Amino acid sequence: MSGILEIFSYPFVIRALIAGALISICASILGVILVLKHYSLIGHGLSEIGFASLGIASALKTPAMIIAAPSVIIASFAIMFVSQKFKTAGDIAIAIASSFALALGI
């Protein structure tokens, strides 16, 4: 029992627990909003867009974050624009962007 309590004497463990608690609160609130607005696949879609941008960055021999971060941000705004302009569910726009990015990344 003392070994378990000894873990909590390290400051990085306390910071990790605080960060985990805050992330869980934010994720639970954001998750409900995303599901209700039909954007439940946004994490999957943006990860595949990140995969495609990493493939482009390696082909161009540039640092990955220079290409990946802006392309994921632009893609998230493009998904929102397409879903609002064509009055479709957000998951449809995410699926289109995801399949395009996966093909581009491969």
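Annotations
- Only helices enter this figure: runs of n ≥ 4 DSSP H residues, each worth -39500 (n - 2.57), summed and divided by the residues of the chain, yield -28500 deg cm²/dmol at 222 nm to the nearest 500.
- Taken per residue, the accessible surface of the stretch 34-85 reaches 65 Å², heavy atoms only and a 1.4 Å probe.
- Fluctuation leader among ALA75, ALA59, ALA95 - the chain, Gaussian network, Cα springs under 10 angstrom: ALA59
- Restricting the stretch 4-97 to chymotrypsin sites (Phe, Trp or Tyr not before Pro) in coil, as DSSP defines it, with at most 16 other Cβ within 10 Å: PHE8, PHE86
- For the stretch 10-69, the alpha-carbon coordinates run over 41, 39, 12 Å along the three principal axes, in decreasing order.
- Computed FRET value (nearest 0.05) for ALA95 with ALA16, which takes r as the C-beta separation and R₀ as 41 Å: 0.75
- Counting only Cα atoms, the chain measures 58, 40, 18 Å along its principal axes, largest extent leading.
- Principal-axis tilt of helix 90-105 within the chain, Cα atoms, nearest 10 degrees: 80 degrees
- Span from the the stretch 81-106 Cα centroid across to the the stretch 1-19 one, whole angstrom: 42 Å
- Nearest 10 degrees, 0 to 90: helix 64-85 Cα axis against the chain principal axis: 60 degrees
- Calculated FRET value between LYS87 and THR62, using beta carbons and R₀ = 41 Å, to 0.05: 0.65
- Highest GNM mean-square fluctuation among LEU46, LEU60, LEU17, for the chain modelled with Cα contacts below 10 Å: LEU17.
- Computed from Cα atoms, the angle from the helix 11-36 axis to the main principal axis of the chain rounds to 40 degrees.
- Spin-label pair ILE73-ILE29: with each label point 7 Å from Cα along the Cα-Cβ axis, the two points sit 2.3 nm from one another.
The values are calculated or read from the model by the stated rules, or taken from the named source; none is laboratory data. The model shown is predicted, which means the values in this text are computed figures rather than measured ones. Cβ sites come from the backbone with ideal geometry, for glycine too, and all protein chains shown count toward neighbours. In case anyone asks, the SASA skips ligands and DNA or RNA and just uses the protein heavy atoms, side chains included. Shrake-Rupley method; radii C 1.70, N 1.55, O 1.52, S 1.80 Å.
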